[in-house]
Structures are given as structure tokens and as C-alpha cells.
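To keep things clear, I will list the structure first and then write my remarks on it.
The values are calculated or read from the model by the stated rules, or taken from the named source; none is laboratory data. The structure presented is a predicted model; accordingly, all values stated were derived computationally and were not measured. Please note: Cβ atoms are built from the backbone with ideal geometry, for glycine as well, and neighbour counts cover all protein chains shown.
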Amino acid sequence: MTKGIKFIFLFWLGLLLVGGFALAQEDAKGCKDHPFLSRMPGFYLAECKTTPFEAFDFFDPNSKGKKKTTVEGKKFWIRYYVKKEIYDNHPSALQIIRNHENAVKKIGGQTYSWTEIGGGELHARVIKEGIELWARLFINENGRGYILTLIEKGGMKQEVIADAKTMAADIGTSGKTAIYGIYFDFNKAEVKAESNTALKEIAQLLAQNPKWKIYVVGHTDNVGGFDYNMKLSLQRAEAVVKELVSKYKVEASRLKPLGLGPAAPITSNDSEEGKAKNRRVELVKQ
């Protein structure tokens, strides 16, 4: 390759590299910050991915990192990288962690973190605006880049709801049936509109068995105080009875609400999956 041709080749290669790097300063198309956590100044959003329902393991801040918790819900994966202008003067891993710790604590959340050679991690949990958010911050390249993995905790949309026939079979066999298609917001007792399918099936069950009287029993997991959960479970059972009576014209005399809180789990509360199964409404034949 002659000197002239080599010069031209290197010149255009340099332009391409500089141009490519400049383009990389812009946020990836369709990507944005999570509304609860803004980015560090001087960073751009390089990649992102959102999954409607996924699971991820976090170190529970309540246990100071001694216990891992699997959380299910809507998943956000966001990768940030430092911009060219501060590449040689970027924040340290500890600086990135402290900034995120302060942001989480400012909105009432809890954190657990550490630093190590080349980076560090932070795990956080916060409840805000009715959303329970778990987050993992993973720092690499000594702070030139970091990844946020976030889960907005929530149940998967239940596509299969037990019908009246299945409920009747369960009650005929064991005297009770568990209903997982009745939904409430976190720490609330108002029945959500998504519960209508399950409520219609309960009403149909009672219409098909006109002599039956039913205990409507609310259950919770073991998160929170015992007395609070007992009260909440009763309020939720009462709300279900109210819906059945007011919207589906079931005779009130056939229904009696009860709340057992965390006192009658059907599986261990040691995992998120177990807790989800224990949060239920049961119909028990009187």
C-alpha cells in the first residue's frame, strides 16, 4: 500500500471511528430511564430490554445480603455507558453506588451494596405509588459502565381461571377450593376489576348449588405484622362478599367472610412463589 493510499485509508477509518463513537453518545432507540431511578450525569443509555413477566434473584436488603430473594414481575434491563467527554474522569464505583443509595433512600427504600476490584453491586427494594420495585445495580470497568436490572413485582396475568365445575369438584372432595383469580393492590382491600371473571364463576357455582352456604376466607403471606394481616385478610374477604352480593345478586345470608391472615398457609413462605400461593381467597362449605 503506497503512503498516499495508506494516508487516505487511515483518514477515512479515523472519521468512521470518531463518527461511530459520537453516535454511541445517543440513547438507544426506544430506550428510556425507569421513572423511579434516573441515570448518573454523563452517561448515555446504550441498551435496554423489557420483559412482561420474568424472575430475578436479589440480595434482600432486610437481611443485609445474607438471604437471596427471587422476585417475579415486569423486568427492565438497562445498560448505561460513560460519555466521551468524561471517559477519563468518570465517577468511581463507590460514587455510583452512593448516588443510587441516596436516591432509593430518599423515596423510602432499602439498600445493600458492596464494591470490589473493577466495580461493585447494589441491591434495593422500594415501595412507591403502589408498586414494589426491586433493583440490582451492577458496575463494571471501574465505573465506566453499569447495568440496572429492575423487577416491578407483580403476579403474572392468570390466563386460566378455575370454573364453577372445577370449584364444585374441589369442594366435593375437600370441602373447600382456593381462588387465585381475585386481585387486590398491595396492602389494599378493594377488589380489582380483573377479578370479574373469577367472581362470575363463584356466582355461577352458588347458583348451581342453591342450598350451599359458604365461608369466604381471606389469606395472606407472612410479610408484615400478624395483627395487620389478620385485619387485612378479613377486609378482603368482606370485599369479595360485597361484590358477590351487590354485583352478582348472591344472597348475603349464604356468605360469611372470615380472615385467617398468615395462620393457614398451604406451603412455605420462604420463597416468593410460596408467598404467592399463600395469598389467596378460599371458599369453604359451611
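Here's the yes/no breakdown for (1) within 16 Å of the chain's Cα centre (by Cα); (2) within 30 Å of TYR215 (Cα to Cα):
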| position | (1), (2) |
| --- | --- |
| GLU101 | no, no |
| LEU122 | no, no |
| ILE131 | yes, no |
| ALA164 | no, yes |
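Pull up the range 96-117, narrow it to residues that are over 17 Å from SER38 (Cβ atoms) and of a type in the set (S, T, N, Q), then point me to the one that is surrounded by the most Cβ atoms within 10 Å (Cβ to Cβ).
Within the range 96-117, the match that is surrounded by the most Cβ atoms within 10 Å (Cβ to Cβ) is SER113.
What about PHE138, is it in a loop (DSSP other than H, G, I, E, B) and touching an Asp or Glu at 6+ places or on another chain (Cβ under 9 Å)?
Working: in a loop (DSSP other than H, G, I, E, B): no; touching an Asp or Glu at 6+ places or on another chain (Cβ under 9 Å): yes.
No; evaluated as a whole, the condition is false for this residue.
Can you work out which of the residues in the range 45-63 that are touching a residue at least 60 places away in the same chain (Cβ under 8 Å) and among the charged types (D, E, K, R) is nearest to LYS75 (Cα to Cα)?
GLU54
Does the range 249-263 contain at least one residue that is surrounded by 14 or more Cβ atoms within 10 Å (Cβ to Cβ), in a loop (DSSP other than H, G, I, E, B), acidic (Asp, Glu) and in the same structural domain as ALA168 (by TED's automatic domain parsing)?
First pass over the range 249-263, keeping only residues surrounded by 14 or more Cβ atoms within 10 Å (Cβ to Cβ): 250, 254-262.
Narrowing further to those that are in a loop (DSSP other than H, G, I, E, B): 250, 262.
Subset that is acidic (Asp, Glu): none.
Scanning the range 249-263, I find no residue that is surrounded by 14 or more Cβ atoms within 10 Å (Cβ to Cβ), in a loop (DSSP other than H, G, I, E, B), acidic (Asp, Glu) and in the same structural domain as ALA168 (by TED's automatic domain parsing), so the answer is no.
Can you confirm whether LEU133 is surrounded by 17 or more Cβ atoms within 10 Å (Cβ to Cβ) and in contact with a strand residue (DSSP E or B) (Cβ under 6 Å, 6 or more places away or on another chain)? Break it down into steps so the answer makes sense when it comes.
Numbers: surrounded by 17 or more Cβ atoms within 10 Å (Cβ to Cβ): yes; in contact with a strand residue (DSSP E or B) (Cβ under 6 Å, 6 or more places away or on another chain): yes.
When the stated conditions are applied, LEU133 passes them.
Working carefully through the options ALA164, ALA93, ALA168, find the one that is buried (at least 21 other Cβ atoms within 10 Å of the Cβ) and either more than 30 Å from THR197 (Cα to Cα) or of a type in the set (A, V, I, L, M) (or both). Step through it out loud before you land on a result.
Values: ALA164 fails: buried (at least 21 other Cβ atoms within 10 Å of the Cβ); ALA168 fails: buried (at least 21 other Cβ atoms within 10 Å of the Cβ).
Criteria check complete, one pass: ALA93.
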